[in-house]
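To start, the structure itself, in structure tokens.
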Amino acid sequence: MKVMVLGADGYLGWPLALRMVAHGHEVSAADNFYTRKAVEEVGSWSAIPIPSMEERVKLVKEVFGADLVFKEGDLRDYSFISKFLEEQKPDAIIDFAEQRSAPYSQIDIDHAVFTMENNVIGTMNLLYAMKEHVPSAHLLKMGTLGEYGTPNVDIAEGHFEVEYHGRKDRLPFPRQAGSWYHWSKVHDSNNISFAVKIWGLTATDVHQGPVYGTRTDDMRDELLRTRFDFDEVWGTVLNRYCVEAVAGLPLTPYGEGGQTRGFISLEDSITALALLLEKPPEQGTMRVVNQYAESKSVMELAQMVKEAGDRLGLDVQIRPVPDPRVEAQRHYYNVERHVLPALGFYPKHNVRDEIPAMLTDLMKYRDRLVEKREAILLAGSKAGVEWRKTSSLLPRKAAARGFTQRSTT
Ligand SMILES: NC(=O)c1ccc[n+]([C@@H]2O[C@H](COP(=O)([O-])OP(=O)(O)OC[C@H]3O[C@@H](n4cnc5c(N)ncnc54)[C@H](O)[C@@H]3O)[C@@H](O)[C@H]2O)c1
């Protein structure tokens, strides 16, 4: 199969590109290196050093004997994505190429608008380019479980049966996103659904929970590792806790810490995505998939990191801070999953067993993490103040207003 990975330089994109190569598929890939630049802007870097894309492509050739076709480009540029699809004619496309930080999207009008522009326009360009050049290709779009919010009922897998005033229908499950970033994903989901309806495209919309982990089985060489973000803006909760533990900083769950989300390991995430690509839905239909392995509260995660860290001699402290987010600190959370189990996928990893392996991997880079402690505490740091004043990746200069959120997804 010919697979195209968009956002291939990212935390998930790179391991999926490797998995597709390892499975013998012909892989093409694109990225505009936005995440590398944006993380640098907040005075941080990937905890695990990652080589340039040029070096990555060479390594793929050496380790797997495969040619990975890479093009630098921005999905907001229609001519770029249109030409790339026309050249490559992929059978399947996976789209990861988005701004993926909720706290970043909440900073102010510029960051909110940038998030909408990057994510919604990028997806619209891709949909139109698919219609023009590869109308029968399968689009696997990475959304998030955060699109649903935390309703006080079970969360259906995309659609559910509703009875209202004596009449029944199958309707999209309500979306109640909690940040502009999450709303951008809702808009993408709606746009994809509409494109499937009017043009007969084929799509899978994956609602995934936060991913954690430092490696996948395909990373046979240290240099094949993927990026691992930990700073206040770009690090997701469990990955950040692990770095905080290694860098000697306290773990800081918000408020009561009962905020519960569905987590999945990097290895399980990539295995599930590869399966969804290899088993597409019926042509001309849209499949919605809820993807996670286990639900945990942010306080449970902090306690597990503390226990594992203490066993490794790290002396980890947990110091809850007032919750700056508008969110329920305790709530019901049960997300249904049917598609992946029906395809034979069951997660093999759990948070408790993976944390010690992550801490051990990260301890190797302890000096590198300690050096960037300020980025973990960005809200009040000198780096944070400077960054908000000078952010150059935005379409307009950001008006400095300060962070109000940290990332769980
Ligand atoms: N990591 C998680 O826990 C998680 C959970 C749920 C959903 N997701 C979603 O999965 C996707 C990938 O997440 P990730 O953690 O790998 O993020 P990432 O930031 O590491 O990767 C995204 C990649 O896309 C690129 N990109 C961004 N905008 C682009 C554009 N306009 N044109 C071309 N390339 C662009 C970035 O440079 C980056 O390499 C995102 O859409 C994210 O919202 C991630």
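When each of Phe33, Phe70 is scored by the number of other beta-carbon atoms lying within 10 Å, the sequence from fewest to most is Phe33, Phe70. When each full DSSP H helix of the chain is screened for a Cα extent of at least 27 Å along its own axis and an average Kyte-Doolittle hydropathy of at least -0.5, the helices passing are 180-199. Centre-to-centre separation between the Cα atoms of region 348-372 and those of region 44-99: 27 Å.
Annotation: the residues Ile48, Ile270, sorted from fewest to most other C-beta atoms within 10 Å of their own C-beta, follow the order Ile48, Ile270. What is the distance, in nm, between label points placed 7 Å from the Cα along the Cα-to-Cβ direction at Arg311 and at Tyr164? For the pair Arg311/Tyr164, the computed spacing is 5.0 nm. Going by neighbour counts of Cβ atoms within 10 Å, the residues Ile376, Ile355, Ile81 line up, fewest first, as Ile376, Ile355, Ile81. Estimated purely from DSSP H runs of n ≥ 4, each contributing -39500 (n - 2.57), the mean residue ellipticity at 222 nm for the chain is -11500 deg cm²/dmol once divided by its residues. Of all the Cα-Cα pairs you can form in region 2-390, what percent are over 40 Å apart? The share of Cα pairs beyond 40 Å in region 2-390 comes to 11 percent.
Measure out, as a whole number of angstrom, how far apart the alpha-carbon centroids of region 319-336 and region 213-252 sit. After rounding, the separation between the Cα centres reads 22 Å.
Values quoted throughout were computed directly from the atomic coordinates according to the rules given, and no laboratory measurement underlies them. Bear in mind the structure is a predicted one, so any value in this text is a computation, not a measurement. Quick reminder, even Gly has a Cβ in these numbers, built from the backbone with ideal geometry, and neighbours come from all protein chains shown.
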